[in-house]
Amino acid sequence: MKKKNLLIFILLISLFGCESKIDGFFYISNGSRDQSEILLRLIIDNDTIFEKNVKYSNIAPDLQYIENRNLTKGKHKIIFEVVHTNLKQIENLVFDKDTWVFLSYEYKKPADSLKRAELNKSFGGVKDSTNLILYDGQKPSLTFHVMENEPKHQ
């Protein structure tokens with residue numbers, strides 16, 4: 001009976017010991033000049049790995065806030081959110097090799113009346129798709145950009 005238990009124990013160790021690990025690299029940025037600091041949270045599989053005030057940087061790519069995690073191969077639930085708001089992005093990502101994930105917060109406030117007058121003068125009062133965001137701003141948003149090859153910086 002002891003040999004059978006030992007055999008089962010060895011089998012379980014070999015099954016769980018062979019679990020493949022890969023790296024997930026998470027680059028977190030605040031792309032909003034109009035909200036220069038924002039509290040962002042990153043959760044992987046119900047485990048908060050990042051919760052900090054993220055400052056705007058005029059540098060691209062913004063490499064101020066980087067988290068990397070050793071993950072098992074397979075599907076992971078990634079939640080990126082603005083703390084104390086309803087703004088949340090949830091993705092189920094499959095990690096089968098090292099993966100780079102760029103997470104970004106964006107917001108642009110609408111132009112005030114002085115700025116609108118200045119823009120009207122510059123654009124002749126015409127709103128089109130190229131300058132509409134300058135007048136109306138952009139709602140707060142979160143984006144994911146996933147790369148399965150290491151980004152090359154030149």
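The values are calculated or read from the model by the stated rules, or taken from the named source; none is laboratory data. This one's a predicted model, so the numbers in the text were calculated from it and none came from an experiment. In this analysis, Cβ positions are derived from the backbone assuming ideal geometry, glycine residues included, and neighbour counts consider all displayed protein chains.
Out of curiosity, is residue 124 surrounded by 13 or more Cβ atoms within 10 Å (Cβ to Cβ), modelled with pLDDT under 70 and on the phi > 0 side of the Ramachandran plot? In short, no.
Of the residues that sit in the stretch 31-45 and are modelled with pLDDT under 95 and not small (Gly, Ala, Ser), which one is nearest to residue 84 (Cα to Cα)? Filtering first and then ranking leaves 38. Taking (1) β-branched (Val, Ile, Thr); (2) within 13 Å of the chain's Cα centre (by Cα); (3) loosely packed, with under 13 Cβ neighbours inside 10 Å in turn, residue 43 satisfies each apart from (3).
Here is a yes/no grid of residues against (1) among the aliphatic types (A, V, I, L, M); (2) in contact with a Pro (Cβ under 8 Å, 6 or more places away or on another chain); (3) closer than 14 Å to residue 103 by Cα; (4) surrounded by 15 or more Cβ atoms within 10 Å (Cβ to Cβ):
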| site | (1), (2), (3), (4) |
| --- | --- |
| 31 | no, no, yes, yes |
| 36 | no, no, no, no |
| 47 | no, no, no, no |
| 50 | no, no, yes, yes |
| 58 | no, no, no, no |
| 63 | yes, no, yes, no |
| 74 | no, no, no, no |
| 82 | yes, yes, yes, yes |
